[in-house]
Amino acid sequence: MHHMTLAEIARGLADKKFSSEELTRTLLARIAQLDPQINSFISLTEDLALAQAKAADARRANGESGALLGAPIAHKDLFCTQGIRTSCGSKMLDNFKAPYDATVVSKLAAAGTVTLGKTNMDEFAMGSANESSWYGAVKNPWNLEHVPGGSSGGSAAAVAARLLPAATATDTGGSIRQPAAFTNLTGLKPTYGRVSRWGMIAYASSLDQGGPLARTAEDCAILLQGMAGFDPNDSTSIDEPVPDYSASLNGSLQGLRIGVPKEYFSAGLDPRIAELIQASIKELEKLGAVIKEISLPNMQHAIPAYYVIAPAEASSNLSRFDGVRFGYRCENPKDLEDLYTRSRGEGFGSEVQRRIMVGAYALSAGYYDAYYLKAQKIRRLVKNDFMNAFNDVDVILGPTTPNPAWKLGAKNSDPVAAYLEDVYTITANLAGLPGLSMPAGFVDGLPVGVQLLAPYFQEGRLLNIAHQYQLNTDWHTRTPTGF
């Protein structure tokens, strides 16, 4: 049963081939057996999962149906879950049990999902490798010596290792799409505001967006259907009707205009990945798509702009973690300043401290105009590039990452080298656009992803393209050895 997709599970439950409780017990046993190799979970919620599975089986017995009713998933450990530890991968919140459910959690629970646990992540979602977690690094199931990507590496590794069919994740600068590329999954970052951020512990509020990680575009459509929608609790949530994502999967790609930015194929891109991207382009051409070269001239400025804006917002958001109200508190503080200083110094890891310091500096008097304001102006230029491009094309295609997954620890001494791995993904966050990564092949046995970007609220178009591509390729069906 562990090889089944969400769609296959839904059909199996509907046909009474197995129960949600049977499936849940099977996956919990598999997690207990295999997860010590990859460290993808921070917390397991066996009692909750079995109770939800029994409830889902009872609902089906009473005539209810639904693609997510009885489906096992896990939540990235920054979605608040009532009465369950919500740690953000940090010592700072190791003892924090959320008093409420995030909107994403409550919506999916209402749809009947079964929560198996909370997945490991880079501390406060800051990282591209899932090595900054206080609970230890997550390992890539395709090669245990390599990273799974970050910050949603726990969700990605768990799904790739067939510990569960799908999981929630978040994307601030590529943290759904990059792990998807590194672990041979499909990952979707929705339009900013499409999925509620209420109860999702913030890193950079104008960039963060929740979304699904799964093996197929069909499964991402099913999970996004349960996650998306307006939320009056979230001031950044957009009151826009949610379409039936599954209904649009089988649309024709005939005449689809795909833009390929010339800036994507620079010296920084591994030539073997470039070949796989060209092969995916040819496959889409066979399905009727029309390819057009385009330009995104301000892409070169995206990384420096992002690494001013995101740390600036992080320094503000993380100021609440002061050792006073909740979270980690140092022992025997001698005064209030000592309480603040030691609680934050001991509770936050080095990457989080680095970004807080950078952000506080960028926002400080005398530097705000030179750094933060300038970065916001660049952000607008990046958005304008996309708006101009979408006048001529329907979607934009390119690599998800410039390189395959690197070895654990390989970039720890050079944070900037890790930041540069986000070059293709962060522009979607700066502009608020939807983006999807799907499997496109392998380099040295490690997965490679191709990225698709679309205009606002065109998640259905991205899922349609990915689904049609996956009907004609088999990259997404490959399984890591040993799992």
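The values are calculated or read from the model by the stated rules, or taken from the named source; none is laboratory data. In this text, all values refer to a predicted model and were calculated from it rather than measured experimentally. Note that each Cβ is placed from the backbone with ideal geometry, even for glycine, and that neighbours are counted across all protein chains shown. The accessibility values were calculated without ligands, DNA or RNA, using every heavy atom of the protein model including side chains. Shrake-Rupley method; radii C 1.70, N 1.55, O 1.52, S 1.80 Å.
The phi-based Karplus calculation (6.51 cos²θ - 1.76 cosθ + 1.60; θ = phi - 60°) puts the 3J(HN,Hα) values of the range 126-141 at 9, x, 10, 9, 6, 9, 8, 5, 5, 8, x, 5, 8, 9, 7, x Hz, whole numbers, x for Gly and Pro. Its alpha carbons considered, the range 35-88 gives a radius of gyration followed by a Dmax of 13.6, 40 Å.
May I ask for the longest run of the chain untouched by GluC sites (Glu not before Pro) that are loop-located per DSSP and have at most 16 neighbouring C-beta atoms (other than their own) within 10 Å?
Values: sites that count: E64, E145, E331.
In short, 146-330.
When restricted to Cα atoms, the range 71-151 yields an Rg and a Dmax of 13.3, 39 Å, respectively. Measure up K282/K411; K54/K107; K189/K286 against 23 Å on the Cα-Cα distance and list the ones that go over. The answer is K282/K411; K189/K286. For the range 194-269, the alpha-carbon radius of gyration amounts to 1.43 times the rule-of-thumb value 2.2 N^0.38 Å expected for a compact globular protein. Projecting the Cα atoms of A49, N62, V114 onto the dipole axis of the range 7-132, where Lys and Arg carry +1 and Asp and Glu carry -1 at the beta carbon, places N62 farthest toward the positive end. Placing unit charges on each Cβ (+1 for Lys and Arg, -1 for Asp and Glu) gives the range 337-483 a dipole about its Cα centre, and among A360, T477, G441 the Cα reaching farthest toward its positive end belongs to A360. Here the Debye sum runs over all C-alpha atoms of the range 339-385 as equal scatterers in vacuum, and log10 of I(q)/I(0) at q = 0.15, 0.22, 0.32 Å⁻¹ comes out as -0.55, -0.79, -1.02. Using a cutoff of 8 angstrom between alpha carbon atoms and counting only pairs six or more residues apart, the relative contact order for the range 40-126 works out to 44 percent.
Let me check I have the definition right: for the range 388-483, take the eigenvalues of the Cα gyration tensor, multiply each by 5, take square roots. What are those semi-axes in whole Å, largest first? Spell out each step's value before the answer.
Working: eigenvalues 129, 88, 17 Å².
Each semi-axis is √(5λ); the values are 25, 21, 9 Å.
In the range 130-188, the C-alpha radius of gyration followed by the widest Cα-Cα span (Dmax) gives 10.0, 27 angstrom.
Full extension of the segment from K54 to D392, taken as 0.36 nm per residue of separation minus the current Cα-Cα distance, would add 116.6 nm.
I'd like to verify something in the chain: which complete DSSP H helices, judged by Cα projection on the helix axis, reach 24 Å or more and average at least -0.5 on the Kyte-Doolittle scale? Display every interim value, and only then the final one.
Numbers: long enough: 20-38 (26 Å, -0.13).
Once both thresholds are applied, what remains is 20-38.
Computed over protein heavy atoms with a 1.4 Å probe, the carbon and sulfur contribution to the accessible area of the chain reaches 51%. Given a Förster distance of 22 Å, report the FRET efficiency between V324 and M357 from their Cβ-Cβ distance, rounded to the nearest 0.05. Approximately 0.60, to the nearest 0.05. In µm²/s, what is D for the range 184-226 at 10 °C and 1.306 mPa s, where D = kT/(6 pi eta Rh) by Stokes-Einstein and Rh is the Kirkwood radius from Cα pairs? Reported coefficient: 143 µm²/s. According to the calculation over all Cα-Cα pairs in the range 201-319, the P(r) per 10 Å bin from zero is 10, 23, 34, 28, 5, 0 %. Largest first and in whole Å, the equivalent-ellipsoid semi-axes of the range 89-238 read 22, 18, 14, each the square root of five times a Cα gyration tensor eigenvalue.
Express the accessible area of the chain per residue in Å², computed with a 1.4 Å probe while the remaining protein chains stay in the model.
Numbers: 17520 Å² over 483 residues.
Heavy-atom accessible area per residue stands at 36 Å².
In order along the range 404-409, phi translates into HN-Hα couplings of x, 4, 8, 6, 3, x Hz, rounded to whole numbers, per the Karplus curve 6.51 cos²θ - 1.76 cosθ + 1.60 with θ = phi - 60° and x for Gly and Pro.
The V443 and D474 beta-carbon pair, evaluated with R₀ = 25 Å, returns a calculated FRET efficiency of approximately 0.90. At 7 Å along the Cα-to-beta-carbon direction for both R85 and A110, put a label point, then send me their distance in nm to one decimal. Going from the R85 label point to the A110 one covers 3.0 nm. In this Cβ point-charge picture (+1 for Lys and Arg, -1 for Asp and Glu), the range 229-332 has a dipole of about 300 debye about its Cα centre. Across the range 173-184, rounded Karplus estimates of 3J(HN,Hα) from the backbone phi angles (6.51 cos²θ - 1.76 cosθ + 1.60, θ = phi - 60°) give x, x, 6, 9, 6, 5, x, 4, 5, 6, 10, 6 Hz, Gly and Pro being marked x.
With +1 on each Lys and Arg Cβ and -1 on each Asp and Glu Cβ, and nothing else charged, work out how big the dipole of the chain is about its Cα centre, in Debye to the nearest 20. Present the calculation step by step, with values, prior to reporting the outcome.
Numbers: 44 positive and 49 negative charges, 26 e Å.
My answer is approximately 120 debye.
Taking the inverse of the mean reciprocal distance over all distinct Cα pairs, the Kirkwood hydrodynamic radius of the range 292-351 comes to 14.2 Å. Here the spin labels are modelled as points 7 Å beyond Cα on the Cα-Cβ line, and at S295 and N95 they lie 5.8 nm apart. Among (1) 23.8; (2) 23.2; (3) 22.2, find the value of Kirkwood radius over Cα pairs in Å that was calculated from the structure presented, and write down its label. Matching entry in (1) 23.8; (2) 23.2; (3) 22.2: (3). Computed over the Cα atoms of the range 429-471, the ratio of the radius of gyration to the Kirkwood radius (Rg/Rh) comes to 1.05.
Beyond 19 Å, what share of the Cα-Cα pairs of the range 272-372 is found? Please give it as a whole percent. Please report the intermediate quantities before stating the final value.
Numbers: 3185 of 5050 pairs.
So the portion of pairs separated by more than 19 Å is 63 percent.
Projected over every direction and averaged, the convex hull enclosing the alpha-carbon atoms of the range 1-97 yields 6.7 nm².
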